[in-house]
Structure formats: structure tokens, C-alpha cells
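Worksheet for the structure shown next.
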Amino acid sequence: MTGILDAALCRYQRHSTTILRVSVGLVFVGFGVMKFLPGASPAEDVATRTMDVLAFGLVPPGATRPLLALFETAIGIGLITGFLLRVVLAAFFLHMGGVFSALLILPDEMWDDQLPTLEGQYIIKNVVLIAACLAVAAEESRHTTVITPRRRHALESEPRIAPETHPPLVVPDPGPRFTTREPGPRPSREPSARL
């Protein structure tokens, strides 16, 4: 039985980051779609008031909820499809910064005697989504390396050594070799007479 489980886990491991990415995307689409319907999301009030504060009141009150719904749904679709993943991940982390700022912006709703209220717990549980998207971002970074103009210039200005100009490999001399000789008469050092 453990052999079957090990094989299944090994197969899952190859796709684990994709499954993680799609799972977070589904969560985001679900919560984003709920915000399109007035009163359907339990976090709607906290989210809209936080966005009003972060936007310095520049977003009209009626537009806050649909904008949040659109933003979260777009992030979710981007995570599910993997399309423009780096941009989507940047948007995700920006959004999470806004979400967690509610803990400071609305302290009366978020905390009750240093303990998080239900709304506060609703926000704090997002650390799991952040950890998941950090894993996705790390995997994405491992597969794609962006070479900035500065890095490209540094790479181009480095001196290149042609393979044939490398110095030869020098193997150090191990020192004198001692051999043992069979006992017996020593050969004569006198030159042999020519006959």
C-alpha cells in the first residue's frame, strides 16, 4: 500500500506547484465573483472601507466593490491559466498588502482585547495564500530568469576566454618512485670490451 502511495505522491510532486497555483486561483475567482453580488461576500464591508482609505477617497463609493471584484477575479483567472504569471503574482502581493493593511486601518473591527475578531481572522488566514503564492513565485523564478539591461551589460563586458586558450592542466609530480630490487650480483659498471 505504501508503494502505491509513494508513487502517487511522486507523481503529485511533479505537478504540485501548478495544483497550488490553480487552487489559489479558484479561491480568488470564488471570492471575486461573490463581490460582484451586493451583500454576498462577508468581507465586502471591510474590503470596501479599507480600499476607500487606501485610495484616499478618490474612488467613488459605488465603484469600490465592483473594482475589487474585478481585480480579485482577474488575479484568480491569471493564476488558473498561468498567463502573464509574473504580473499576476505582483498584483496578488499588492492586493495582499491592501488586505493586511485593514488590520491597522480598522483596528476596532479587527481586534478585540488583542485577539483578532472574526473579520480579523478572515484576513489573517490569508497568510496561507501568501505562502502558496511565494512557492509559485519561487518556482516561476527558477524556470525563467529575467536579464535586466544592467545585468546584460555586465555579462557582455566580461572578458571571454576562448576554449583553446585555457592553460593546460598541470598534474603535480608525485615525487621520486622507489622500487625494490631483487638481491643478487650487481651489474658491472665497467664498459664491456668489444670482441
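The numbers here are math on the coordinates, done by the rules we state, and not lab data. Just so it is clear, the structure is predicted and the values come from calculations on it, not from any experiment. Methodologically, a virtual Cβ is constructed for each residue, glycine included, from the backbone with ideal geometry; neighbour enumeration extends over all protein chains shown.
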Practice task
Compute the FRET efficiency between residue 115 and residue 59 as 1/(1 + (r/R0)^6), taking r as their Cβ-Cβ distance and R0 = 41 Å, and round to the nearest 0.05.
Solution key: 0.85
Problem - Mean Cβ count within 10 Å, highest first, over the residues of peptides 133-140, 25-32, 2-9 - result: 25-32, 133-140, 2-9
Problem - Whole-Hz ³J(HN,Hα) from phi, Karplus 6.51 cos²θ - 1.76 cosθ + 1.60, for segment 91-105, glycine and proline x - result: 5, 4, 5, 4, 4, 5, x, x, 4, 6, 5, 4, 5, 9, 6
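Need one number: the % of Cα-Cα pairs in segment 43-152 sitting beyond the 18 Å mark.
Here the tail beyond 18 Å accounts for 58 percent of pairs.
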Handout entry: Semi-axis lengths (Å, descending) of the ellipsoid that matches the C-alpha gyration tensor of segment 1-100
Key = 34, 14, 11
Fill in the blank from the handout: The ³J(HN,Hα) series, computed from each phi in segment 131-142 with the Karplus coefficients 6.51, -1.76 and 1.60 at θ = phi - 60°, rounded to the nearest Hz and given as x for glycine or proline, is 4, 4, 6, 5, 5, 5, 5, 5, 5, 5, 5, 5
Problem - Loop chymotrypsin sites (Phe, Trp or Tyr not before Pro), segment 36-74 (other Cβ atoms within 10 Å of the site Cβ: 16 or fewer; DSSP) - result: 56
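First measure r as the distance between the Cβ atoms of residue 87 and residue 157, then evaluate 1/(1 + (r/R0)^6) with R0 = 35 Å and state the FRET efficiency to the nearest 0.05. Intermediate results must be reported in sequence, preceding the final value.
Working: r = 30 Å, r/R0 = 0.87.
Efficiency, rounded to the nearest 0.05: 0.70.
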Exercise for the section: Would you please give the residues with an amide H less than 5 Å from that of residue 111, counting only those at least 5 places away or on a separate chain, with H modeled from the backbone geometry? Expected result: 117
